[in-house]
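Colleague: My structure is below; once you've seen it, I'll send some questions.
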Amino acid sequence: MAGNKADTYDIKSFKKDFLLSLLEKMVLIRRFEEMASKMYGLKKIGGFLHLYIGEEAVAVGAIAALDLKKDAVFTAYRDHGHAIACGSDVRALMAELYGKITGISRGKGGSMHFFDVKNHFFGGNGIVGAHIPVAGGYALKLSVKGEDGVVLCMFGDGAIHQGSFHETLNLARLWNLPVIFICENNQYGMGTFFKRVSSVHNFSLMGKSYDIPGKQVDGMNVLTVYREVSEAVERARKEKLPAFLEIKTYRYKGHSMSDPATYRTREELDAYKNLDPIVYLKAELIENKLLTEEEFGKIDGKARKKVAEAVDFAEKSEEPDIKTLYEDVIV
Ligand SMILES: Cc1ncc(C[n+]2csc(CCOP(=O)(O)OP(=O)(O)O)c2C)c(N)n1
Ligand SMILES: [Mg+2]
């Protein structure tokens, strides 16, 4: 089970501004998704909506380890947290959920297909495992051109048995590509517990078949994630080698909005809620006199305001004109 205590780092080694920025990002993601869920219930948002609530420390900690002027992020369809962590404008993200022309993908992608080239966020991909070779291809481009960047490729426990995962790991090691593969193991692929479908339960071993080092990481602690991903990124940058991390986490909500998640127990969910990454970091900061309850209230208020403004922006935006139907389509 994820949820180690903070015995792997010294909180005093981090700058206060940096710690607060991690907290702010996690709170913004949480509030954004709570609002998205509410607006889905009000039928303002249609199609698929997969919430990341509970998993925020993974995207925030991992992406904080990057330099997004040169590095790049690829993920699957549970992508709101990653886009926000990359710095995407939450107004454009909300507008995308609403299917409006002002959306980050011009209203044509929806929840699963956020895409923000400016912030080096390359999706948001709906097919399980399909973006893993694309991320490898981006790393190959960096390698061939001699550019100094690292790729973070995030995917779920459900993607780890796809051929695309195995084929990409093999070539990434063969060609020594600077790509960090991150399995966000939230323990379920739709309603299926990962141990029911995997002969190997410690996924961090799976890179070994391809001579890629692997490690298990506690995904409920944002600083642990940050530290481990930073180490992998620095190594990839210097040695131009791939790495593999299995980050253990948990999603509080169902797979998507239509899933009541009856395949797991209340006790299991509550055990993870007790390890909540936001509550944990907040408590750690207060304990170390780096934050007060009042300051936290301000951070939360700021996030709620940003999200309310994003809803207002999305509501007032136009739907894409019918003439845009064939634009942005690669042929
Ligand atoms: C190739 C493919 N097969 C099946 C699906 C249907 N599907 C959508 S999500 C999902 C589960 C994936 O679970 P996981 O990779 O653990 O990601 P999580 O939803 O937990 O973030 C499946 C099977 C799909 N989108 N693509
Ligand atoms: Mg999963």
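Colleague: Looking at the structure I just gave you, is SER209 in a helix (DSSP H, G or I), more than 20 Å from the chain's Cα centre (by Cα), more than 16 Å from ligand 2 (Cβ to nearest atom) and polar (S, T, N, Q)? Outline the logic, then answer.
Modeller: Values: in a helix (DSSP H, G or I): yes; more than 20 Å from the chain's Cα centre (by Cα): yes; more than 16 Å from ligand 2 (Cβ to nearest atom): yes; polar (S, T, N, Q): yes.
So SER209 passes the test.
Colleague: TYR326 versus (1) more than 27 Å from SER13 (Cα to Cα); (2) assigned to a loop (DSSP other than H, G, I, E, B); (3) modelled with pLDDT of 95 or more: which is the lone unmet condition?
Modeller: Single failed check for TYR326: (3).
Colleague: Next question. Scan the stretch 174-201 for residues that are within 16 Å of ligand 2 (Cβ to nearest atom) and either in a loop (DSSP other than H, G, I, E, B) or aliphatic (A, V, I, L, M) (or both) and jot them down. Can you show your working first?
Modeller: Let us first name the residues in the stretch 174-201 that are within 16 Å of ligand 2 (Cβ to nearest atom), namely 181-198, 200-201.
Scanning the stretch 174-201 gives ILE182, ASN186, GLN187, MET190, GLY191, VAL197, SER198, VAL200, HIS201.
Colleague: Would you mind telling me which numbered condition in (1) within 16 Å of ligand 2 (Cβ to nearest atom); (2) in contact with a Phe, Trp or Tyr (Cβ under 7 Å, 6 or more places away or on another chain); (3) farther than 21 Å from LEU275 by Cα LEU169 fails?
Modeller: Tallying (1) within 16 Å of ligand 2 (Cβ to nearest atom); (2) in contact with a Phe, Trp or Tyr (Cβ under 7 Å, 6 or more places away or on another chain); (3) farther than 21 Å from LEU275 by Cα, LEU169 fails exactly one: (1).
Colleague: What single numbered condition from (1) among the basic types (Lys, Arg); (2) part of a helix (DSSP H, G or I); (3) touching a helix residue (DSSP H, G or I) at 6+ places or on another chain (Cβ under 7 Å) fails to hold for LYS215?
Modeller: Looking at each condition in turn, LYS215 falls short on (2).
Colleague: I would also like to ask the following. Residue under question is GLU184, and the condition is that it be crowded, with 18+ Cβ neighbours inside 10 Å and within 16 Å of ligand 1 (Cβ to nearest atom); does it hold?
Modeller: In short, yes.
Colleague: Of all the helices (runs of 4 or more DSSP H) wholly in the stretch 1-99, which have at least 1 residues that are farther than 15 Å from THR249 by Cβ and in contact (Cβ under 8 Å) with a residue 60 or more places away in the chain?
Modeller: Numbers: elements: 16-41, 56-63, 80-86, 90-97.
Passing ranges, in order: 16-41, 90-97.
Colleague: Please verify whether SER230 is at pLDDT below 95, assigned to a helix (DSSP H, G or I), away from ligand 1 (no atom under 16 Å from the Cβ) and out of contact with any His (no Cβ under 6 Å at 6 or more places or on another chain), treating the condition exactly as stated. Lay out the reasoning, then the answer.
Modeller: Numbers: at pLDDT below 95: no; assigned to a helix (DSSP H, G or I): yes; away from ligand 1 (no atom under 16 Å from the Cβ): yes; out of contact with any His (no Cβ under 6 Å at 6 or more places or on another chain): yes.
Considered against the rule, which asks whether it is at pLDDT below 95, assigned to a helix (DSSP H, G or I), away from ligand 1 (no atom under 16 Å from the Cβ) and out of contact with any His (no Cβ under 6 Å at 6 or more places or on another chain), SER230 comes out as no.
Colleague: What pairs can you find where one residue is in the stretch 233-257 and under 12 Å from ASP148 (Cα atoms), the other is away from ligand 2 (no atom under 12 Å from the Cβ) and among the hydroxyl-bearing types (Ser, Thr, Tyr), and their Cβ atoms are less than 7 Å apart, with a gap of 6+ or different chains?
Modeller: Within 7 Å, the pairs are LYS240/SER143.
This table checks each residue for (1) closer than 22 Å to THR168 by Cα; (2) surrounded by fewer than 18 Cβ atoms within 10 Å (Cβ to Cβ); (3) aliphatic (A, V, I, L, M).
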{"position": "LYS208", "(1), (2), (3)": "yes, yes, no"}
{"position": "MET220", "(1), (2), (3)": "no, no, yes"}
{"position": "VAL233", "(1), (2), (3)": "yes, no, yes"}
{"position": "PRO277", "(1), (2), (3)": "no, no, no"}
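Colleague: Now for a separate question. So how many residues does the stretch 258-285 have that are away from ligand 2 (no atom under 16 Å from the Cβ), touching a residue at least 12 places away in the same chain (Cβ under 8 Å) and among the small types (Gly, Ala, Ser)?
Modeller: Residues flagged as away from ligand 2 (no atom under 16 Å from the Cβ), touching a residue at least 12 places away in the same chain (Cβ under 8 Å) and among the small types (Gly, Ala, Ser) within the stretch 258-285 amount to 1.
Colleague: Can you tell me which residues in the stretch 146-184 are of a type in the set (Val, Ile, Thr) and either free of Cβ contacts under 8 Å to residues at least 12 places away in the same chain or within 15 Å of MET206 (Cα to Cα) (or both)? Steps first, please.
Modeller: Initial filter on the stretch 146-184 (of a type in the set (Val, Ile, Thr)): 150-151, 160, 168, 179-180, 182.
Selection gives ILE160, THR168, ILE180, ILE182.
Colleague: Run GLY123 past the list (1) in contact with a Ser or Thr (Cβ under 9 Å, 6 or more places away or on another chain); (2) more than 29 Å from ASN202 (Cβ to Cβ); (3) part of a loop (DSSP other than H, G, I, E, B) and report the number of the one that doesn't hold.
Modeller: The failed condition is (2).
Colleague: While we're here: Could you list all residues from the stretch 108-162 that are aliphatic (A, V, I, L, M) and within 16 Å of ligand 1 (Cβ to nearest atom)?
Modeller: MET112, ILE127, VAL128, ALA130, ILE132, VAL134, ALA135, LEU152, MET154, ALA159, ILE160, listed by residue number.
The values are calculated or read from the model by the stated rules, or taken from the named source; none is laboratory data. Given the structure is predicted, the values throughout are model-derived calculations rather than measurements. We place every Cβ from the backbone using ideal geometry, glycine too, and count neighbours over all the protein chains shown.
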